[in-house]
Amino acid sequence: MKNKETENKIEALLKELTLDEKISMIHSAEFFRSGGAERLGIPGISMNDGPMGVRNDFEPDKWVTIGSTADMTSYLPSNSAIAATWNRELAHTSGAVLGREARGRGKDMILAPGINIKRNPLCGRNFEYMSEDPYLIAEMVVPLIEGIQENDVSACVKHFACNSQEYERLFVNVELDERTLREIYLPGFEAAVKRAHSWALMGSYNLVRGVHGSQNKWLLTDILRKEWKYDGCVVSDWGAIHDTKLAAESGLDIEMSVTPNFDEYYMANPLKEAIKKGEISEECVNEKIRNILRFMLRVRLIEIELKEQKNGKVKAKAVRVPDRDPGCVNADVCHAFVRKTAEEAVILLKNDKKILPFKPSETQKLLVIGDNANRAHAAGGGSAEIKALYEKTPLLGLANEYGGNTQVKYVKGYYVPRKKADLVNWQESSINIEELNNDTRKKSGYSAEEKKLIKKLKDEAVALAKEYDKVIIVGGLDHDLDVEGKDKENLKLPFGQDELINAVLDVNPNAVVAMVSGSPVDMSAWKDRAKAILWMSYNGMEGGAALAEVISGSIVPSGKLPESLPADFKDTPVAKYGDYPGRKLTAAEKKVMNARLTQRFNEGVFVGYRYYEKEGVKVQFPFGHGLSYVDFAYSGMKVEKTKSGFNVSVQVKNTGHVAAKETVQLYVGEKKVSKENPVKELKGFDKAEIKPGQSKTYKFKLNAKDFSHYCEESGKWEMMKGEMVIYIGASSADVRCMKTVKI
Ligand code: GLC
């Protein structure tokens with residue numbers, strides 16, 4: 001990654017900088033821009049959220065949007081939706097769209113992707129993250145970051161590390177054992193850094209082992225810089241810095257925050273004073289400048305020109321790169337890629353008696369019920385909010401898909417109390433915990449007129465459901481619940497949807513239910529009654545069209561769950577082992593920790609399916625589950641030993657009448673499962689389209705690491721011994737074939 005000539009140029013330019021200039025470069029000069037050194041031609045770095053598109057622009061020092069239409073952009077499927085495709089190519093094209101549009105909006109760094117482990121289904125930001133499984137995260141984050149960084153713009157993988165809850169997110173401390181850290185919480189970031197070479201990384205708000213993630217020397221220097229040899233640019237989360245010396249000496253490069261007193265930031269005047277007093281060495285600032293300049297060269301924000309002077313001295317200055325990629329925004333080709341991803345992100349959870357698809361030729365009348373059928377989600381969720389050029393809702397998607405020969409009738413079905421739209425952006429108070437924790441949404445039940453409205457909406461939906469043979473109910477959550485800064489209180493389906501769905505099923509047993517949600521919800525009230533259930537996370541501007549195409553059958557569903565769907569929080573490992581949201585600190589802890597809560601990830605590596613399978617806890621739908629409109633027959637599994645491990649192959653036949661895509665998953669586990677290990681863990685997957693009646697051979701390579709666990713005593717990865725089982729399945733709970741091998 002580093003080369004001599006570049007490093008020499010960086011050194012030469014570094015030498016020209018005054019301390020004041022260096023200090024201005026290592027903290028916000030505007031909410032989304034770091035300071036520059038104009039005298040030497042060095043601009044600030046322009047940063048912008050987020051994982052679902054290039055968020056609208058704000059005033060430089062006020063949380064007020066600039067209010068123009070020039071910042072309308074593509075609205076991509078969430079990271080959960082991208083992960084649900086299990087399609088590495090679509091991860092790459094999604095990254096390419098995000099990077100291209102970031103460049104098109106004049107940005108240097110897009111603050112994405114978010115890849116924290118979906119440890120706790122209550123976490124408000126689950127929709128922004130990919131999965132509960134580190135292997136799936138690693139395999140999807142690498143192509144996504146590569147796609148972003150092909151456009152002279154940088155990804156910024158976040159939030160490093162263990163940021164898996166929103167409650168007290170700035171002041172909750174996370175304790176966890178080394179094996180859990182290495183096997184579950186770090187692999188996604190390690191792949192992003194070592195394989196995808198993410199040119200930037202964002203620290204987390206929470207503390208890890210007693211120190212805030214964004215000023216944590218153990219995370220940012222010992223692991224990131226020394227062990228992983230990371231030479232990229234590290235930015236803090238916005239308002240995540242609390243101490244000048246810790247931040248300066250931690251491996252952090254740029255402090256960002258949400259208040260306009262930029263010169264008072266910890267790494268601004270206070271750091272300058274500390275350096276002048278000799279309390280902190282200027283060399284630690286120099287190291288930050290090296291990382292920042294290297295970042296600027298990588299995104300081709302500048303080139304460094306060296307000029308020999310008459311006196312033989314070399315002077316350096318930064319110059320703009322004339323042929324830097326201009327990017328582009330809202331190109332049709334980008335919307336086409338967004339559509340492709342959205343189509344493969346729709347998950348068919350259930351389809352008894354194959355009542356889906358509703359073929360248009362057989363659908364004269366279609367009843368669409370539910371607020372989420374007619375709801376746009378782009379402009380919510382927190383920093384992932386997007387001012388979308390457009391967003392096709394499921395209702396629009398269905399109307400477009402079925403056309404004029406089908407009468408599409410819509411009724412709201414359930415009532416959603418809406419928070420008043422705040423004029424001042426939420427982020428103004430995003431680090432004021434009191435504000436965040438006094439949940440204005442907590443209502444003491446509905447008013448009398450609300451109750452009347454709820455009944456009217458339900459009665460209207462039920463009355464119509466009796467007359468229509470094809471009925472779709474679109475429900476789920478929204479960004480008042482799936483939102484940054486807050487966790488949900490439970491997994492209950494809100495707004496009386498259970499009662500509505502059951503009342504409709506009472507009169508029309510063939511009604512199909514589609515859930516739009518960024519995190520698991522409790523469907524147990526009707527899951528066994530409904531014949532067909534579809535699932536999609538916030539699926540971008542084409543999400544409604546993609547859902548409609550699956551319902552009509554013009555697209556055969558191929559999505560698979562990137563996370564388990566437990567029915568109730570009490571079923572989760574966090575409820576059983578964790579002390580979520582964390583306990584108060586003892587007096588002794590308060591002395592050494594700037595936290596308000598502390599919690600231990602007691603479940604260890606038993607996150608998600610690793611726990612449910614180990615403990616035999618039933619979930620509504622398991623990790624990796626997703627049906628098609630055809631059936632696939634698996635056969636002929638072969639395992640052959642190689643020098644470095646094993647080659648595995650399996651034949652999969654499409655026994656249906658339409659082409660369809662299947663994601664084959666490979667898991668590894670001990671034949672005799674020891675107490676400290678999960679039953680099996682995902683170590684491979686591949687997705688391919690198979691023509692009707694045809695077969696395809698899926699091939700996988702396994703190496704020593706796939707059979708290893710992190711050993712705390714030795715501090716190394718050690719291979720397991722004895723008989724191991726290689727499982728091939730259509731999901732973590734649908735094993736089609738397996739072979740035992742001896743290690
Ligand atoms: C927010 C989020 C982070 C985002 C940043 C800038 O608080 O935690 O994901 O990129 O601040 O908006």
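The values are calculated or read from the model by the stated rules, or taken from the named source; none is laboratory data. Predicted, not measured: the structure shown is a model, and the values here were computed from it. When we count neighbours, we look across all protein chains shown, and the Cβ atoms used for this are built from the backbone with ideal geometry, even at glycine.
If the condition is being more than 16 Å from the ligand (Cβ to nearest atom) and either part of a loop (DSSP other than H, G, I, E, B) or within 25 Å of the chain's Cα centre (by Cα) (or both), then the range 233-255 contributes D243, E249, S250, G251.
For every residue, the table says whether it meets (1) in contact with a helix residue (DSSP H, G or I) (Cβ under 7 Å, 6 or more places away or on another chain); (2) surrounded by fewer than 23 Cβ atoms within 10 Å (Cβ to Cβ).
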residue	(1), (2)
L534	yes, no
E542	yes, no
S564	yes, no
Y577	no, yes
A587	no, yes
K591	no, yes
G608	no, no
K614	no, yes
F621	no, no
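Filtering the range 519-532 to residues that are in contact (Cβ under 8 Å) with a residue 40 or more places away in the chain and either surrounded by fewer than 24 Cβ atoms within 10 Å (Cβ to Cβ) or aliphatic (A, V, I, L, M) (or both) leaves V521, D522, M523, S524, K527, A530, K531, A532.
Among (1) out of contact with any Cys (no Cβ under 7 Å at 6 or more places or on another chain); (2) surrounded by 24 or more Cβ atoms within 10 Å (Cβ to Cβ), there is one condition A138 misses while meeting the rest; what is its number? So the condition that A138 fails would be (2). Please verify whether the range 161-175 includes one or more residues that are closer than 28 Å to L293 by Cα, within 14 Å of the ligand (Cβ to nearest atom) and touching a residue at least 12 places away in the same chain (Cβ under 8 Å). Yes, there is a match, as at least one residue in the range 161-175 is closer than 28 Å to L293 by Cα, within 14 Å of the ligand (Cβ to nearest atom) and touching a residue at least 12 places away in the same chain (Cβ under 8 Å). Counting only strands (runs of 3 or more DSSP E) that sit completely within the range 626-741, zero hold 3 or more residues that are closer than 22 Å to L136 by Cβ and in the same structural domain as I347 (by TED's automatic domain parsing).
Residues are listed down the side, and each one gets a yes or a no for (1) in the same structural domain as E489 (by TED's automatic domain parsing); (2) acidic (D, E):
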{"site": "G543", "(1), (2)": "yes, no"}
{"site": "L547", "(1), (2)": "yes, no"}
{"site": "P557", "(1), (2)": "no, no"}
{"site": "L565", "(1), (2)": "no, no"}
{"site": "Y609", "(1), (2)": "no, no"}
{"site": "E613", "(1), (2)": "no, yes"}
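Within the span defined as the range 155-164, one or more residues are crowded, with 24+ Cβ neighbours inside 10 Å and at positive phi. Every condition in (1) in contact with an Asp or Glu (Cβ under 8 Å, 6 or more places away or on another chain); (2) within 15 Å of the ligand (Cβ to nearest atom); (3) in a loop (DSSP other than H, G, I, E, B) is met by Y266 except one, and the failing one is (2). Of all residues in the range 494-506, none are within 16 Å of the ligand (Cβ to nearest atom) and modelled with pLDDT of 95 or more. For the range 183-214: of the residues being touching an Asp or Glu at 6+ places or on another chain (Cβ under 7 Å) and more than 15 Å from the ligand (Cβ to nearest atom), which is nearest to G95 (Cα to Cα)? Filtering the range 183-214 for residues that are touching an Asp or Glu at 6+ places or on another chain (Cβ under 7 Å) and more than 15 Å from the ligand (Cβ to nearest atom), the one nearest to G95 (Cα to Cα) comes out as A196. Screening G106 on (1) out of contact with any helix residue (DSSP H, G or I) (no Cβ under 7 Å at 6 or more places or on another chain); (2) within 16 Å of the ligand (Cβ to nearest atom); (3) closer than 30 Å to G327 by Cα shows it passes everything except condition (2). Here E343 meets each of (1) buried (at least 24 other Cβ atoms within 10 Å of the Cβ); (2) under 29 Å from the mean Cα position of the chain (by Cα); (3) assigned to a loop (DSSP other than H, G, I, E, B) with one exception, condition (3). The single residue among S554, S558 that is in a loop (DSSP other than H, G, I, E, B), among the small types (G, A, S) and surrounded by fewer than 18 Cβ atoms within 10 Å (Cβ to Cβ) turns out to be S554. Selection of the range 342-386 for residues being polar (S, T, N, Q) and under 23 Å from V462 (Cα atoms) yields N351, T363, Q364, N372, N374. Scanning the range 473-492 for residues that are at pLDDT 95 or above, under 21 Å from L395 (Cα atoms) and out of contact with any Phe, Trp or Tyr (no Cβ under 8 Å at 6 or more places or on another chain) yields I473, V474, G476, L477, D478. Exactly one residue among N8, N3 is modelled with pLDDT under 95 and of a type in the set (S, T, N, Q), and that residue is N3. Being within 23 Å of the chain's Cα centre (by Cα) and either part of a loop (DSSP other than H, G, I, E, B) or among the aromatic types (F, W, Y) (or both) is the filter here, so list the residues in the range 19-57 that pass it. If the condition is that a residue be within 23 Å of the chain's Cα centre (by Cα) and either part of a loop (DSSP other than H, G, I, E, B) or among the aromatic types (F, W, Y) (or both), then F31, F32, D49, G50, P51, M52, G53, V54, R55, N56, D57 are the ones that fit.
Please name all residue pairs, on different chains or six or more residues apart, with Cβ atoms under 6 Å, provided the first residue is in the range 467-483 and is in a strand (DSSP E or B) and the second residue is of a type in the set (S, T, N, Q). Pairs that qualify, where the first residue is in a strand (DSSP E or B) and the partner is of a type in the set (S, T, N, Q), are K470/T363; V471/N508; V474/N372; G475/N372; G475/Q497; G476/N372; G476/S517.
Just one of the numbered conditions (1) of a type in the set (V, I, T); (2) out of contact with any strand residue (DSSP E or B) (no Cβ under 9 Å at 6 or more places or on another chain); (3) surrounded by fewer than 22 Cβ atoms within 10 Å (Cβ to Cβ) is not true of V639; which one? Single failed check for V639: (2).
Selection of the range 145-160 for residues being more than 16 Å from the ligand (Cβ to nearest atom) and touching a Ser or Thr at 6+ places or on another chain (Cβ under 7 Å) yields only G147. The number of residues in the range 367-386 that are in contact with a helix residue (DSSP H, G or I) (Cβ under 8 Å, 6 or more places away or on another chain) and within 15 Å of the ligand (Cβ to nearest atom) comes to 4.
Scanning the range 21-51 for residues that are farther than 23 Å from H197 by Cβ, within 16 Å of the ligand (Cβ to nearest atom), buried (at least 23 other Cβ atoms within 10 Å of the Cβ) and small (G, A, S) yields a count of 1. When residues in the range 52-94 are screened for being buried (at least 24 other Cβ atoms within 10 Å of the Cβ), β-branched (V, I, T) and within 16 Å of the ligand (Cβ to nearest atom), 2 of them pass. Looking at the range 2-20, can you tell me whether even one residue there is buried (at least 18 other Cβ atoms within 10 Å of the Cβ) and within 16 Å of the ligand (Cβ to nearest atom)? The answer is no; no qualifying residue exists.
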